[in-house]
1. Of all the residues that make up region 225-272, how many are touching a residue at least 40 places away in the same chain (Cβ under 8 Å) and in a loop (DSSP other than H, G, I, E, B)?
2. From the list Arg198, Arg160, Arg155, pick out the single residue that is open to solvent by less than 30 Å² (accessible area, probe 1.4 Å) and without any contact (Cβ under 8 Å) to a residue 60 or more places away in the chain.
3. Looking at region 174-194, can you tell me whether even one residue there is free of Cβ contacts under 8 Å to residues at least 24 places away in the same chain, open to solvent by less than 60 Å² (accessible area, probe 1.4 Å) and closer than 21 Å to Gly260 by Cβ?
4. Of all residues being touching an Asp or Glu at 6+ places or on another chain (Cβ under 6 Å) and open to solvent by less than 20 Å² (accessible area, probe 1.4 Å) in region 224-272, which is nearest to Gly170 (Cα to Cα)? Just the residue, please.
5. Please name all residue pairs, on different chains or six or more residues apart, with Cβ atoms under 7 Å, provided the first residue is in region 1-22 and is basic (Lys, Arg) and the second residue is in a loop (DSSP other than H, G, I, E, B) and crowded, with 17+ Cβ neighbours inside 10 Å.
6. Inside region 201-217, can you point out the residues that are crowded, with 19+ Cβ neighbours inside 10 Å and in contact with a strand residue (DSSP E or B) (Cβ under 7 Å, 6 or more places away or on another chain)?
7. Out of curiosity, is Phe30 within 22 Å of the chain's Cα centre (by Cα) and open to solvent by less than 20 Å² (accessible area, probe 1.4 Å)?
8. If you go through region 63-77 one residue at a time, how many are modelled with pLDDT of 85 or more and open to solvent by 20 Å² or more (accessible area, probe 1.4 Å)?
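The values are calculated or read from the model by the stated rules, or taken from the named source; none is laboratory data. Model, not experiment: these values are computed from the prediction. Don't worry about glycine lacking a Cβ; one is built from the backbone with ideal geometry, like all the others, and counts go over all protein chains shown. What goes into the accessible areas is simple: the full protein's heavy atoms, side chains included, and nothing from ligands, DNA or RNA. Shrake-Rupley method; radii C 1.70, N 1.55, O 1.52, S 1.80 Å.
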Amino acid sequence: MNGFKECLEVMLGDVLGTLPESDSDRSLMFWRQWLSERHLGLVQVAEPREFEWAGHWIGLVRGEGGELDAVLMFGVPSGIVLDPIGVSARGAPTAIEAGFVVAPLGASLLREPSGVGASLSGEVQAVLTAPEATVPLVRVPSARARPGRGLDGDRYAERRGTFGAGGGNGYDLTLIEAEALEDLASLDVELSWEEARRNVVTRGIDLNALVGRRFLVGDVECVGRRLAEPCAHLERLTRTGVLRALIHRGGLRADVVGEGVLAVGDAVRALD
């Protein structure tokens, strides 16, 4: 998508620092994952040709070669305020095929500086794997973690999980706090460690504070990518009430950086 990075740079200003270098391989998935690591979402507009927004949003226009080019839109009614690829110079009417707004995943996540006052060390309470999507997870005493894959014996290591079959950041390893699952009882929702469908259950560490950070699980180095927010799929596999109860407490999605074995009882700690 030509011009997408340039449009994002104007929308975000210098709040998030320098954006990754743009090239033809930067897909919507890439930018969604990059933004989610910063607690932001890329929300698609339902009717982009009729959309009006008193702020910036990104429109995608079909280029002469069939590729999608990005323009930055603004206002009610909206017009082009940034045209990195020169879409408007083509002479033909500009037909917006898709539109996107950048929105925070949660106001509280943006207000709280990551890691300030948070516990950055804890312990592994359980390691769980499942060979296929939707198959019940089982506890194992330990598992080998492999960079770019995940845990041996788990569906995501073989790209057979419900999500992330095509790869991408944040699909190697999922973690959740034992405290978050225990707190569900106060909301009259019961969810076992197996039903939570996360690979690692921790105790004592604030997993939300590990987004964007490197950390160790035993001797295995990982990097936190984004929150493992609950979804309708998890609720369908368990029970009503899980989705609402785990908002911002559904755990962490991480990637494995260095190969090794992680086990029950291992320490979990931030590296920075």
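1. So the count comes out to 19.
2. Numbers: Arg198 fails: without any contact (Cβ under 8 Å) to a residue 60 or more places away in the chain; Arg160 fails: open to solvent by less than 30 Å² (accessible area, probe 1.4 Å).
Arg155 is the lone residue from the list that is open to solvent by less than 30 Å² (accessible area, probe 1.4 Å) and without any contact (Cβ under 8 Å) to a residue 60 or more places away in the chain.
3. No; the residues of region 174-194 include none that is free of Cβ contacts under 8 Å to residues at least 24 places away in the same chain, open to solvent by less than 60 Å² (accessible area, probe 1.4 Å) and closer than 21 Å to Gly260 by Cβ.
4. Per the stated criteria, the residue is Asp255.
5. Once the first residue is basic (Lys, Arg) and sits in region 1-22, its partners that are in a loop (DSSP other than H, G, I, E, B) and crowded, with 17+ Cβ neighbours inside 10 Å give Lys5/Ser22; Lys5/Arg26.
6. Result: Val201, Thr202, Ile205, Leu207, Asn208, Leu210, Val211, Phe215, Leu216, Val217.
7. Working: within 22 Å of the chain's Cα centre (by Cα): yes; open to solvent by less than 20 Å² (accessible area, probe 1.4 Å): no.
No, not satisfied.
8. So the count comes out to 2.
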